[in-house]
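Below is one structure, written out as structure tokens; the observations come after it.
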Amino acid sequence: MATDAGSPRRRGPAGRSAEVIRAIVRAEFRMLLRDRRTVVVSIVLPLFITPLLMFGSRWVQERRERQLETAEVRYAVGGSDADSARSLIQRASRPANDATTAAVLLKEVASDDPERSLTDGELELYVEALTAHEAARRDTAGEADSVAVPLLVLHYREDRDASERGAERVKEGLAELQRAHRLALLESRGLGRISEYATVRQRNLAEARDVAGLHFGRYVVLFVLLFMLSGGSVVAVDTLAGEKERGTLETLLTTAASRADIVTAKHLVILAVALLITVIQSLNFLAYVALKLIPLPQGFVLDVAPGVTVLLFVLLVPIAALVSGVLLLTSGYAKSYKEAQLYFFPVLLLGTVPAVAPFFPTLALRSAVVAVPIANIALAVKEVLAGRYDWPFIIAAWVVTAAAAWYVRRLAEHALSTERLIVPSLGESAVVSGQALFARRVIPAFAVMWGIFFVFVSNVEGRIDLRIELLVNLVVIFLGSSLVLIRMHRLPVREVFALRRVRPAVWPLVLIGGPAGLVAATGVFKLASLVFPVPQEMLEAFGKGIMPEGIPIWQLVIFIAVLPGIFEELTFRGTLLYGLRRSLHPVPLALAVGAIFGLFHVALFRLLPTAFIGVIFATVTLLTGSVFPAMLWHAINNATSVVAGHFELELPGLEVIHYAVAALVLALVFVALWRLRTPYPGLRPRPKANPKH
Amino acid sequence: MSEITVEVRGLSKVFHDESRGEVRAVDGVDFACRGGEIFGLLGANGAGKTTTLRMLATILAPTSGNATVMGHSVLDEPELVRRSLGFYSSSTALYPRLTARETIEFFARVNGFPPADVDGRVRELVATFGLDKYADARVEKLSQGMKQKVSIARTVAHDPPLLIFDEPTVGLDVLNALEMQRVIGDFRNRGKCVIFSTHIMSEAERLCDRIAIIHQGSILACDTLEGLRTATGFRYLEDIFVHFARDDEHGD
Amino acid sequence: MRNVGVLYAREMRAALRERSIVVNSIVIPVVLYPFIMWAMFTGIMFVRGQTDRVASRVMLLGVPAGHEALTESLSAHQVRLVVPSDTATAMALMEEGAMDALVEFEPLGLDSVLQGAFSVRLTGSESRERSQNAMSRVTTVLERYRDDRLSHAAGVAGLSAREWQWFDVETENRASGKEMGSFLLGLMLPMFFLIMTAVGCFHPAVDATAGERERSTWETTMSLGVSRSSIVTAKYLSVATFGSMAGLLNLGAMTLTMGAIVKPLLAGRAEDIHFVLPWAGLPVMAAGAVLLAGFIAAVMMLFASFARTFKEGQAMITPFYLLMMVPAILLQQQGLAFSMTLALVPVANVVMMIREAIAGVFHWPQIALTVAVGLGLVAASLRLAGFVLRFEDVVVGSYGGSLTTLLKERLRARGSRARGGAI
């Protein structure tokens, strides 16, 4: 073989990888720096804009505060006891020397019709003065033992700042006046130190540094994450999706660089940019603080030791790796620059969710949260800044998040080996109609349906009869949209709704599985509330919603168990499942159908249990190929909870053993269903393993 | 003749399509070619040429069958396969914000050209393709013809024994297309094995030592132009192509 | 005019089939923002509820006899009492994080007149949230207890209840449920409206200019057998349509979902507050949407028409887009009156006008001035576009700079020519 430069010498694979990665990283940086406009707009501009916006909104807020503080409160006094009220208000507006509140600027305005003047905005406050006698008459419905004293009614408007604030301050002044009056009375009766009775002197054990650290520590990871996501995305969007669009990815894939090397190189570039932007933004903010453009609260001592700074940086590295990995992955899944951008917003939203963990005051790193990537580091950072070092858990948090980053990197590599994703023209038919079009539209259609449902429920709840509300939801919104979709895409009704016969042996299994599933779901719900305790008020509201008074139990069973069993199943395990059956493999399919079902229960704390139940229904439908068993299961499930509620049997109050037994029964039912399975037709085949690259 | 550079055995590719279901884009293709030879894949759009070549370049994985390049299998040693080949097509673009010189250097390094020799290789290629004046201008600023030269230079940056040209003349004007043909001929003369796909009959007639006619994923005939003429009795490649394509459809 | 209509319909159809436009100009304003707000407020509620539920671990040291009511009240406020020992142990427990606060009772020495009077020293650590929480619970309970004890002392001292009470105060909110609703809507919606209008214009503006160049359909469009100005007008109208649509849709969607969004915050008051837009305000809102979108669309298209790729177009528009956020921030001020001066400030005046329309307030002179300013701005930006489109190289897409470089270059060229003529 004749070549003009001789055959290339072989080098060790590790050395070769390093060489390739270095070449790609260098080229990427070169190209990034040469794209001046993007660098300026997406990296330099935010450096100035973000602090300026913060400064601006702070300035506006402070100005408003000052204005309200110094604004004159125009008031009028009316009623039969006007004179004494006037003197009280004047005394209340001039606080005693030792009072903590500042003077209120009051100006009395004469008005013939003060109520009208208040409405017209000529007054901020109208004080109606009632004599003791009038007050007692007015208070007939009130407690019998209350003492008859003169009454001041402060009329104000909550929809006007100045009015609300004025009323509030006058009320405070009056309360202060009353307190002083009472102490003076007691002291005059020889009770010398009575003013100290039951007073509290606070002693704070924490150092000012740790207190500031706690406040500041809540925000650190959230802000850093936002910087990383927005800065990293500039490179990420361009790096795989942009290369696909320009056709350079194919060029790169025909080179000897392995896909792992390409992913590593690109990951490193995004990581470097993300870290760089974080460092620059942090310095930038410190500079603004030093220049007093962003004021710190009084007594705020932010004093971070150099060792702690290093520790914080070390803690943030796995987050940066994870964030850049996720960005790379999204870019890898998008076919074009525009598409990648489209995914960015949802990624930003979902990505920042775990970073709010430090805002939960009772969440400690020493808990199950340590297994949640990002959230664990966010908590660790807060605790470190507040002066607590829980080393084993800090290390565990680091390892967990780093492992997540590694896993995401592997997924990105997988995306680069997925042919449909790297060769843009593959797998997409030019002309799509009927069923295939329906598959693409089913998610948006359900999103629209969710919107209609949400708007309907939130504007109607508690204002109309529950039965009518349920009927509209089930028949008009759920079934109606399904039928519209079926008509629009000319789909076969029987198949969409999976109206198929099942083996008789399935029915007894469903009868056993229904109650077991409900108890197991309650267990899941309790498990979830261990990590995120549910507010008591919400639990009560839930009970009220499902157990309305004045509806007989047989009607409840129909409206809450039978009808939802039919219509919700037709919609979710019928239409939705049918629409998604080719887009997802069976397991993710069941999970997705369950999760979407959960979202339709518009309450954060019901999401998990209903999603769990939804996954069960979807699995049953997939295993039996028919919607009927899921319908029965659903009806039994809901009926059980209605009946349990009726007889005040509290499912969440059961022992752990009950949940365990229920879970076991549920598992056995599924084993049996698996044995008897007559699978749902036309599912997406299992993915084939890809040969190595 | 020199040793076999590429050997393709029973190569097939099946795609899943949203509305059409399974599509056999390439269906049991066999061929082999050697150094110093231009092997032409001739077929209409969508015949499976690009898919075959992409499998050879290991961008796509074959559903069944195998291919070897310089003795390395595309299934087991994809990196060594890619190191032995240069892939050029109208869809393999260049990085717009790198200069011509940086582009060539980048591809030489990524393809594992000995680092110590990279600078010399880049200088050599810049001279060979007459890029001296434009070597330090960004690729986005270059004219179409210049870009084409840089593209070819990056394809051969690591001096591979096999060169794949997938419809290289699509969208080129006459002068640039002729230049392309001249360069491809040159590579053959220097002993490279060149695989060249096209749907333009005259190009295949003029350049190829052997021609494979590919239609609906299968190779219908594979021979020298003379051999094809004798087998069919037609003089022009157009007629020969239509003859085979029609036969195939009647056979279905 | 018919041409413009046909071209407009084509632009709209094409844009409605582009996924990124549909998502950014329709889905995000209608679905995503209400959803985010709902999730955010529910989340806040969550945090609050969760904090309420966690018990505070507090040690009481030296409680004088006769104050059982205090310990009962503490237990009722989620305070769990730790078995009392001594100060040193308590400090150690707090250090470990096993206890949240220490309450030490000190006698006041009033026993001759008033049995068991005390003051309290409360120790905790402000760097721990549970401790902060415990301290505030103890303080609240003690404040209430203090009032109780003082009125008890008044009884002991022989003061009459009337003397002690002196007077009563009540407050009464005179704003109706509907007025409260429009107040709360007015706080948030105008900002969203501005941002959504900008978001709604953004993608269509880039797509109709730079996007066409990138897909290389620009020349096809420019070579149609109609005047260039009708093409540009049709494009402009379609972009403005998307902007005003996004703004109005968001307004509608937020109003419809506001009840559900703020429900957790309003606790029991949710039923008293009605979120409705006044019908009379709709024409003003629509006018505001058209003016705002008309201006934003014109400027965005001006910037983006210099770009050759989608990405470049985005980069050219982004600074203007960020600039739009500034009035949004400054207008957060609630007490701001819609003065004639404010009516002269572009963008801000429209936002003020819409805020007032939501509340059902109409200052007609200001509205008239706002409309005049808005129309003037739209006319000015269209004239500028007309000026720019006179340059062949800009139209064809071979010009490499941006709007600012073009204006600098060509205006200077004009100026020097004029000067040259004078000499």
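The values are calculated or read from the model by the stated rules, or taken from the named source; none is laboratory data. Given the structure is predicted, the values throughout are model-derived calculations rather than measurements. Here the Cβ positions follow ideal geometry from the backbone for every residue, glycine too, while neighbour counts run over all protein chains shown. Accessible surface areas use protein heavy atoms only, side chains included; no ligands, DNA or RNA. Shrake-Rupley method; radii C 1.70, N 1.55, O 1.52, S 1.80 Å.
Worth a mention:
- Surface accessible to a 1.4 Å probe, A:W59 within the full protein complex, Å²: 120
- C:T140 paired with A:R500, simple spin-label distance in nm, labels 7 Å along Cα-to-beta-carbon: 5.8
- Each Lys and Arg adds +1 at its Cβ and each Asp and Glu adds -1 at its Cβ; summed about the Cα centre, the protein assembly as shown shows a dipole of about 3760 debye.
- Here C:K408 is the anchor, and the aspartates and glutamates within straight C-alpha reach of less than 19 Å, apart from those fewer than 8 places off in the same chain, are C:E392, C:D393.
- Translational D in µm²/s for the stretch A:434-675 (Stokes-Einstein at 37 °C, 0.692 mPa s, Kirkwood Rh from C-alpha pairs): 178
- Cα-based convex hull volume of chain A per residue, rounded to whole Å³: 272
- Lysine pairs in chain A whose alpha-carbon atoms fall under 29 angstrom of each other, counting only those eight or more residues apart or on distinct chains, come to 15.
- P(r) tail fraction, the stretch B:93-159 - alpha-carbon pairs more than 13 Å apart, %: 54
- Rounded to the nearest 20 debye, dipole of chain C from Cβ charges on Lys, Arg, Asp, Glu: 2800
- The listed residues B:C222, C:C201 rank as B:C222, C:C201 when sorted by accessible area, largest first, using a 1.4 Å probe.
- Overall dimensions of chain C by Cα: Rg and Dmax, Å: 32.6, 107
- Farthest towards the positive end of the charge dipole of chain A, among the residues A:G451, A:F670, A:T70, is the Cα of A:F670, using unit charges on the Cβ of Lys, Arg, Asp and Glu.
- Tilt relative to chain A, helix A:306-333 - C-alpha long axis, 0 to 90 degrees, to 10: 50
- For chain A, the longest principal axis of the alpha carbon atoms and the long axis of helix A:375-385 meet at an angle near 50°.
- Between the beta carbons of A:L183 and A:V279, assuming R0 = 45 Å, the FRET efficiency works out to 0.20 to the nearest 0.05.
- Relative contact order (%) - the stretch A:434-675, alpha-carbon pairs under 8 angstrom, separation at least six: 32
- Each of A:G523, A:G594, A:H489 was placed along the dipole of the stretch A:434-675 (beta-carbon charges, centred on the mean Cα), and the one lying farthest toward the positive end is A:H489.
- Semi-axis lengths, largest first, of the ellipsoid equivalent to the stretch C:223-304 are 39, 12, 9 Å, with √(5λ) applied to each eigenvalue of the Cα gyration tensor.
- Here the convex hull built on the C-alpha positions of the stretch B:16-130 has a volume of 165 cubic angstrom per residue.
- Calculated log₁₀ intensity ratio I(q)/I(0) where the Debye formula runs over C-alpha points of chain B, q = 0.15 Å⁻¹: -1.09
- Taking a point 7 Å out from the Cα of C:E106 in the direction of its Cβ, the residues of the stretch A:200-226 whose backbone N falls within less than 12 Å of it are A:200-203.
- Between the beta carbons of C:E18 and B:D223, assuming R0 = 41 Å, the FRET efficiency works out to 0.25 to the nearest 0.05.
- Chain lengthening between A:L53 and A:I551 when straightened (0.36 nm per residue, less Cα-Cα): 173.9 nm
- Farthest toward the positive end of the dipole of the protein assembly as shown, out of C:A385, B:S197, C:L70, is the Cα of B:S197, where the dipole comes from beta carbon charges about the Cα centre.
- For A:A371 and A:V314, a Förster radius of 22 Å and the Cβ-Cβ distance give a FRET efficiency of 0.65, rounded to the nearest 0.05.
- Inter-label distance for A:V475 and B:V174, nm, one decimal - labels placed 7 Å from Cα along Cα-to-Cβ: 7.6
- Distance between the stretch C:157-220 and the stretch A:666-684 - C-alpha centres, whole angstrom: 51
- Note on the protein assembly as shown: Kirkwood hydrodynamic radius from all Cα pairs is 37.1 Å, rounded to one decimal.
- Span-rule helices in chain C, defined as complete DSSP H runs reaching 18 Å or more along the axis (Cα) with Kyte mean at least 0.5: C:177-206, C:228-266, C:282-304, C:364-388
- Semi-axis lengths, Å, the stretch A:68-193, gyration tensor of Cα atoms, sqrt of 5 times eigenvalues: 26, 21, 12
- The distance linking the stretch A:495-519 with the stretch C:284-357 is 57 Å (Cα centroid to Cα centroid, whole angstrom).
- Compared with the dominant Cα axis of chain A, that is its longest principal axis, helix A:586-599 is turned about 20°.
- Simple point charges give the picture: +1 on the Cβ of Lys and Arg, -1 on the Cβ of Asp and Glu, and for chain A a dipole about the Cα centre of about 3940 debye.
- Residue among C:L224, C:L256, C:L184 with the largest mean-square fluctuation in a Gaussian network model of chain C, springs linking Cα atoms under 10 Å: C:L224
- Inter-part distance where the stretch C:95-109 and the stretch A:368-395 are each reduced to a Cα centre, Å: 28
- Orientation-averaged projected area, Cα convex hull of the stretch C:54-159 (nm²): 6.7
- Shielding by partners for peptide C:304-314, expressed as the average number of C-beta atoms from other protein chains within 10 Å of each residue's C-beta, is 3.
- Each stretch of four or more DSSP H residues adds -39500 (n - 2.57); spread over every residue of the protein assembly as shown, this sum gives -19000 deg cm²/dmol at 222 nm.
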